[in-house]
Structure formats: C-alpha cells, structure tokens
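First the structure, in the form of structure tokens, and then the observations on it.
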C-alpha cells in the first residue's frame, strides 16, 4: 500500500522566496520613484536658471527702476516718525493691553480721534497725526527658552516629553511675558510721552487690577506685621534667656559643688544662637516682602526712557523684515516681473493643448 506524504517545508521555502522578491521589487520601485523626484527637481532648477539668464537684463532694469522709485519715495513722501517704550507688567494685564492696542488702531483707522483722545486723556492735537499703534514682546530667544524651562517644570512628566520647544512657541500667547514693547508711528515728531502715559494710565485704572493690587498689598502688609511681632517676641525671649544664664552663672560661682547633667550646657549655649539665626531668616523675609511691596506699587510701568520725540522711520515690512524703500522696491519689482514672466510662459505652454480640447 503506497502513501503520498506532503512536503510543507518546500512550499514554505517557495513562499518565502516570493515574499523576498516582492519586498525587493517594492524597494526598487520606491528608490526609483525618489530618484525621479530628485531628477525632476534638478531639471526644474536648471530650467529656472536658464529662464532667469534669458531675462536677466529685464530683471536688472526693473531692479534699477525700483531702486530709483524707492529714492523718489524717500524724498517726496511726508516724513514718518516712531517712538517706542518698554513696559513691565506686574499683574496679568497682557491680554487687556493687547486688546487695548487693537482697539486704538481701530479708532485710528476710523479716524475717531475724539474717542481716542477721551480714552487716553490727551488733547486731540496730540494724537491727530498718529498712524498706528503696535505691541510686541521685548525679550530675546534666550529668555523665552528660560520661560519654557520654567513652564515644563510644572507639568506632569508624561506631558513633558510630548511638548517640544517649537510647539510651546506656537501655542503660547505673546501677552503672557512681563516685558512688552509699545510703538507709536506718527506723522509728527512730538507728544509721544503724553500718549504713552495715557496708555499706561488707562490700564492701571482698570477696577479689577486695582482690587487685585489692594488685596496683594494688604496681604504683604499683614505678613510684614506678623514678622515684626515675631521679631519683638524673639527679642523678649532672648532677654529672658540672658537673665536665666546670668542667674545660673551666679549660682555656680557661689556653690562649692557643681553637678553637670550631660547635654544641658549644650542646650543652654545653643538656644540663644538658634533664636539669633531665626531672627536673621525673619529679617531676610521682611526685606523680601518690602521689595515685593515696591514691585506691586504699579500695576504696569514704563521701565525705559520715555522719549517725547520720535525718530524718522521709512522702513517697509517684507516677511516680518524691515527694509528701506530703496531695497523694498528693488526687491519686489523684479520679483513681480519674474512671476509675470513665469505666468506668461505657463500660458504659452498650455496653448499647445488647445487643439485637444
């Protein structure tokens, strides 16, 4: 009687061979795809170089025209001035301050000078020429990194690994930082100091922040009084210890026999010193409280020199970069011409397919 035995091992070898060939083909197609992408990018770069070379004269002429236009604008345009101050927020006034600056810009845009003058408590002549208000953080990248490290210290360890520095910068609001820079742009070169003072006074007069200030100052004053009472009691206790020690010394001098309990002399000699060390700590805390009270005296304050006159500002913004009008037009006009030439070239290329429609 004959039996046919299956050979599963051979089938498994065949299946594994097909699997490896399939994986190899996948990688081969993937790398060919990547190669085609890089090749297309290189060809596009080469085509762009020759396209710019073909129109280089036009671009240079346009750049020269833009440079001349920038010079003409600087000469003929009315002067623009700006002035800035650095303010320190001792309370969480950031959101309120940013909203106020946005509101002021809205009033300027609507030419509602009367309302703006009433809010800032200044004359209309002092703000009639204002073009815009702006505000931005006044700290560098290093300080922002310190703020990030302080922030993650308060987070759960499982969340710290998920929060990258760039994610923190994208999600954190600029108004949370204590130091802010307020800038005013105007057509005249005077009365900046009054306007800056008006902005600060408007924030400081907010009833919510005034209540918070009163509560903080009262709390600090209560702490200071408690520490002063503790220091007075400590001083009285030290005098009592001194009298006790003096009486003990007098008794020991008049006695022929002196019995010393182990450790008693150490305790007697250290009680006064312990009180003295505690007094030093309390006085240091009292100094810290007094400094904090000084910091809380102002809800928000100007910490830089307030210049009543501004400086000429002719810069123009490109990608958050300030450029002079000469560089601005010398850069933007050639770029606009290049984009126009590329559009015309693309339209000409599409005309080849017109007969197929």
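Only one residue in 92, 149 is assigned to a loop (DSSP other than H, G, I, E, B) and either out of contact with any helix residue (DSSP H, G or I) (no Cβ under 7 Å at 6 or more places or on another chain) or surrounded by 12 or more Cβ atoms within 10 Å (Cβ to Cβ) (or both), so which one is that?
After ruling out the rest, the residue left standing is 92.
Considering only the range 119-138, state which residues are assigned to a loop (DSSP other than H, G, I, E, B) and surrounded by 15 or more Cβ atoms within 10 Å (Cβ to Cβ).
Hits for the range 119-138 are 122, 128, 129, 138.
Right, residue 116: in a helix (DSSP H, G or I) and under 19 Å from residue 202 (Cβ atoms) or not?
Yes: the conditions hold for residue 116.
Could you check the range 175-196 and list, in sequence order, the residues that are over 16 Å from residue 105 (Cβ atoms) and in contact with a strand residue (DSSP E or B) (Cβ under 8 Å, 6 or more places away or on another chain)? Full working, then the answer.
Taking the range 175-196 as the starting set, the residues that turn out to be over 16 Å from residue 105 (Cβ atoms) are 176-179, 188-194.
Across the range 175-196, the qualifying residues are 177, 178, 179, 188, 189, 192.
I need the full set of residues from the range 189-220 which are surrounded by fewer than 16 Cβ atoms within 10 Å (Cβ to Cβ) and over 26 Å from the mean Cα position of the chain (by Cα), in order please.
Selection gives 190, 207, 211, 214, 215, 217, 218, 219.
For residue 69, work out the one condition from (1) surrounded by 13 or more Cβ atoms within 10 Å (Cβ to Cβ); (2) in contact (Cβ under 8 Å) with a residue 60 or more places away in the chain; (3) in the same structural domain as residue 182 (by TED's automatic domain parsing); (4) part of a helix (DSSP H, G or I) it doesn't fulfil.
Here residue 69 clears every test but (3).
The values are calculated or read from the model by the stated rules, or taken from the named source; none is laboratory data. Since this is a predicted model, take the numbers as computed values, not measurements. When we count neighbours, we look across all protein chains shown, and the Cβ atoms used for this are built from the backbone with ideal geometry, even at glycine.
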